[in-house]
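For reference, the structure discussed in these notes is given below.
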Amino acid sequence: MQEKKHLSTTNRRSFIRTSAMASSFFIVPRHVLGGKGYLAPSDQLVLAAIGAGGKGRSDILNASVKGREGVAALCDVDFSGSAKKSIENFPDAKRYSDYREMLDKETDIDAVTISTPDHVHGPAAVYAMERGKHVYVQKPMTHNIREARMLTEMARERKVVTQMGNQGGSNPLLNMVQGWVDSGKLGKISKVQVWTNRPVWPQGFAMPDPDESQKPADLHWDLWLGPAPSIPYTPNLHPFSWRGWWDYGTGALGDVGCHLIDIPFRTLGLKYPTDAECSVGAVYTSMWNADYHPEGCPASSFITLHFEATDKSKSPIEMTWSDGGIRPSHPDIIPADHDIGGTDSKNGVMIIGEKGIISTNINDSSPLMPKLYLNDGSTDFGPEVEENEEPEYGHQRKWVDACKAGFGSDEHVGLTSSFDYAGPMTETVLMGNLAIRSYMLRSENANGRKEFYGRKKLLWDGDNMRITNLEAANQFVGRSYRKGWEV
């Protein structure tokens, strides 16, 4: 699977060490150069991609900063698909199907982008950080809450530079929204509404039957499964529709929650929620009995989370999330012919205060379209078309610069989605999924009838990662792992 050998950095680093030792005239204290972990600005960072197709293609391309940085290796379970583009972009990079083999062999790698399906984010990031690699991990940071807490703590312990791939967090127009909040224009803020048209992939029905005859010849299926249970090849999971199945994906919340919830979580300085409650849209393909597919995400859901007051919010906040195309009612303060959120009101956030409302679009690479509507009739709108100087607001490039500057540097502290921030925010997003999965819990009563016993408000102890009023719900804080993939 390996092709041309990438120029090793061993010689580069050996030369630097040897030159410094050769003459005392050239020995410069490390702190003068920029502190522990510093690389000279002219020195390339050595990068690798775990997941080189799909979003992984743009992640590693943007991280290379138009060739300024070196890409030593690419890892993907199927190079016959969209990962072909990464091979074209980096023809000298070695190729691997197993990220563990890549990281064990390519010891000169400084940093990795991780752009796999959600269920591999945590295991791959742990494996990389254990080896001292800086990591850029696609959203959601992890598949479950336990992994998010683990990665957040490990990044601090290992002193590695991290960034989650919710690139809209680096959008400078967020400063406009932050300014409206901080200036008190909305007065007391008490409610946030978030919604999306996702899922836009097949979801809400039984898992397709396995059919190994349809497996692409170049797909390493066992490596794609990773920590998930071993099953025969099942069509319509790889490369995209895995999002709708709990063993691999995190549903609509995992797909865009880290873009949408990021906006109020960041601007209001929110912490862990105190509780979670949900309802799920029922689908009936037979009379009187709703379809029951707990292995998969529902076609639609409605989540309510509560947060304690913070320095920025000043008062407790109720946040609602709706997916499957269900959106909030159009507020009277916003003209009827104005979209709420983004174009056609398909995705959006409304931050609601006693004096007015802030409306924004999804915070990915779509125009943020921030709009302020006040009760006195005054408004303030940001641009509907953004002119970005670099791809995805420089989100990957800023992470690369922080890797080169070192852990704790100004560049590192200035990142918008390092794990210190992205970890708690991801946990909040995944709390919605914990509520959905708890909602589907059922057991048989003495009369032989099925009873749903998790359909209640779940009280959350965020510091200890526990639901305090329904023990069965705590099984969804983490997951079980296939042997050899444990974290």
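Each reported figure results from applying straightforward, stated rules to the coordinates on display, with no laboratory input. As the structure is a computational prediction, the values presented were derived from the model and not from experiment. Methodologically, a virtual Cβ is constructed for each residue, glycine included, from the backbone with ideal geometry; neighbour enumeration extends over all protein chains shown.
Ellipticity at 222 nm from helices only: DSSP H runs of n ≥ 4 in the chain, each -39500 (n - 2.57), divided by the residue count, give -8000 deg cm²/dmol.
As a rough guide to protection, the peptides 131-141, 238-248, 445-455 ranked by mean Cβ packing within 10 Å, highest first, stand as 131-141, 238-248, 445-455.
How much of the DSSP bridge set in the chain is antiparallel, in percent, rounded to the nearest 5? Show your work: numbers first, answer last.
Values: 37 of 61 bridges.
Beta bridges within the chain, antiparallel portion: roughly 60 percent.
Decide, for segment 363-487, between rounded, prolate and oblate: order the square roots of the alpha carbon gyration tensor eigenvalues as a ≥ b ≥ c, take rounded if a/c falls under 1.5, and otherwise choose prolate if a/b is larger than b/c, else oblate. In terms of gyration-tensor shape, oblate.
What is the dipole size for segment 147-221, taken about its Cα centre, with +1 at each Lys and Arg Cβ and -1 at each Asp and Glu Cβ, in debye to the nearest 20?
Numbers: 9 positive and 8 negative charges, 139 e Å.
So the dipole magnitude of segment 147-221 works out to roughly 660 debye.
The dipole here belongs to segment 353-459: it is taken about the Cα centre, uses +1 on the Cβ of Lys and Arg and -1 on the Cβ of Asp and Glu, and is about 1160 debye. Counting only residues at least eight positions apart within a chain, or on another chain, the lysines with an alpha carbon under 22 Å from that of K398 are K36, K55, K66, K133, K139, K159. By the count of neighbouring beta-carbon atoms within 10 Å, fewest first, E308, E486, E147 end up ordered E486, E308, E147. By other beta-carbon atoms within 10 Å, ranking K55, K94 with the fewest at the front produces K55, K94. Specify the angular offset, from 0 to 90 degrees and rounded to the nearest 10, of the alpha carbon long axis of helix 118-130 from the longest principal axis of the alpha carbons in the chain. Around 40 degrees separate the two axes.
Here's the list of aspartates and glutamates a cross-link from K404 could span, going by alpha-carbon distance under 16 Å and ignoring same-chain residues fewer than 8 apart: D43, E69, D108, D110.
Using Cβ point charges alone (K and R +1, D and E -1), the dipole size of the chain about the Cα centre works out to roughly 1000 debye. Put in order of Cβ neighbour count within 10 Å, fewest first, the listed residues E427, E153, E277 become E153, E277, E427.
Could you sort 253-260, 419-426 so that the peptide with the highest average Cβ count within 10 Å comes first and the rest follow in order?
Working: 253-260: 27.1, 419-426: 24.6.
Top of the packing list down: 253-260, 419-426.
Shape class of segment 296-395 from the alpha-carbon gyration tensor: rounded, with the ratio a/c of largest to smallest axis under 1.5. Which shape class, rounded, prolate or oblate, goes with segment 280-335 when its Cα gyration tensor gives a ≥ b ≥ c as root eigenvalues, a/c under 1.5 marks rounded, and past that a/b bigger than b/c marks prolate? Note, shape of segment 280-335 comes out oblate. Ordering 471-477, 170-176 by mean Cβ neighbour count within 10 Å, with the highest value first, yields 170-176, 471-477. Only one residue of L305, I352, L223 has its Cα farthest out toward the positive end of the dipole of the chain, where Lys and Arg carry +1 and Asp and Glu -1 on Cβ, and that residue is L223.
Look at the dipole of the chain built from charges on Cβ: of L47, T379, A472, the Cα furthest out on the positive end belongs to L47.
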